[in-house]
1. Here is a check on your reading of the model: is Leu93 modelled with pLDDT of 65 or more, more than 20 Å from Thr136 (Cα to Cα), surrounded by fewer than 16 Cβ atoms within 10 Å (Cβ to Cβ) and of a type outside the set (Val, Ile, Thr)?
2. Hey, among Lys101, Lys146, Lys116, which residue is more than 16 Å from Phe22 (Cβ to Cβ), modelled with pLDDT under 90 and surrounded by 13 or more Cβ atoms within 10 Å (Cβ to Cβ)?
3. Taking only pairs six or more apart or across chains, which ones have beta-carbon atoms under 8 Å, a first residue in the stretch 151-168 that is under 27 Å from Lys134 (Cα atoms) and touching a residue at least 12 places away in the same chain (Cβ under 8 Å), and a second residue that is part of a helix (DSSP H, G or I) and of a type in the set (Phe, Trp, Tyr)?
4. Against the condition within 12 Å of the chain's Cα centre (by Cα), aliphatic (A, V, I, L, M) and at pLDDT below 85, how does Ile124 come out, does it pass?
5. Please work out if Phe22 is of a type in the set (Phe, Trp, Tyr) and surrounded by fewer than 17 Cβ atoms within 10 Å (Cβ to Cβ).
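The values are calculated or read from the model by the stated rules, or taken from the named source; none is laboratory data. In this text, all values refer to a predicted model and were calculated from it rather than measured experimentally. Here Cβ is always computed from backbone atoms with ideal geometry, including for glycine, and neighbour counts include all displayed protein chains.
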Amino acid sequence: MRYKLFEQLYEQHSDTIYQYIFFLVNNKELAEDLTQEVFFRAYKRLDTFAGQSTLYTWLRKIARNLVYDHYRRKRMIQFVPFVSNDVWQDDQLLPNEIFEKGEELITLYKAITHLKLAYREVLILRKIEGLSIKETAMVLGCTEAKVKNNTTRAIQSLKKIMKEKEDE
């Protein structure tokens, strides 16, 4: 029974956990290794899952902690830029539209890297990954009010950065 549950958990969430980790580390091999470690730890601790959140949120929290541990071990708590591959997968767009869309996303993601870490995290979880306020609060280990405040402040800071880049 436990193995079956774990197998379903892996099938449902491995891709999104990998993508989340990849956004934070910007390294395919490292993201694969950390994703494997997330599910290894989840399997070992599946019996301890208290049900205070969804399994997906629990996995995301394990992933976040692993990424932080990795950067602490390397003594570099600085996240690197990330670029979405989705921009090249839209068959409905013309080539020039793909290029423009890609340029806009690259500019946006570069601007996100200039935000402080707390703002980057909340934007990735809320706006890119699509987590709810409650789920984001559980992953980040903070209150829902703090998630709302940081989201608002992150968007304001991002707008300011984008405006500065536009004026250059």
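1. Here the answer is no, as Leu93 does not meet what is asked.
2. Values: Lys146 fails: modelled with pLDDT under 90; Lys116 fails: surrounded by 13 or more Cβ atoms within 10 Å (Cβ to Cβ).
One residue alone meets the criteria, Lys101.
3. Sorted first by the residue in the stretch 151-168, then by its partner, the pairs are Arg153/Tyr119; Ala154/Tyr119; Ser157/Tyr119; Leu158/Tyr119.
4. yes
5. no
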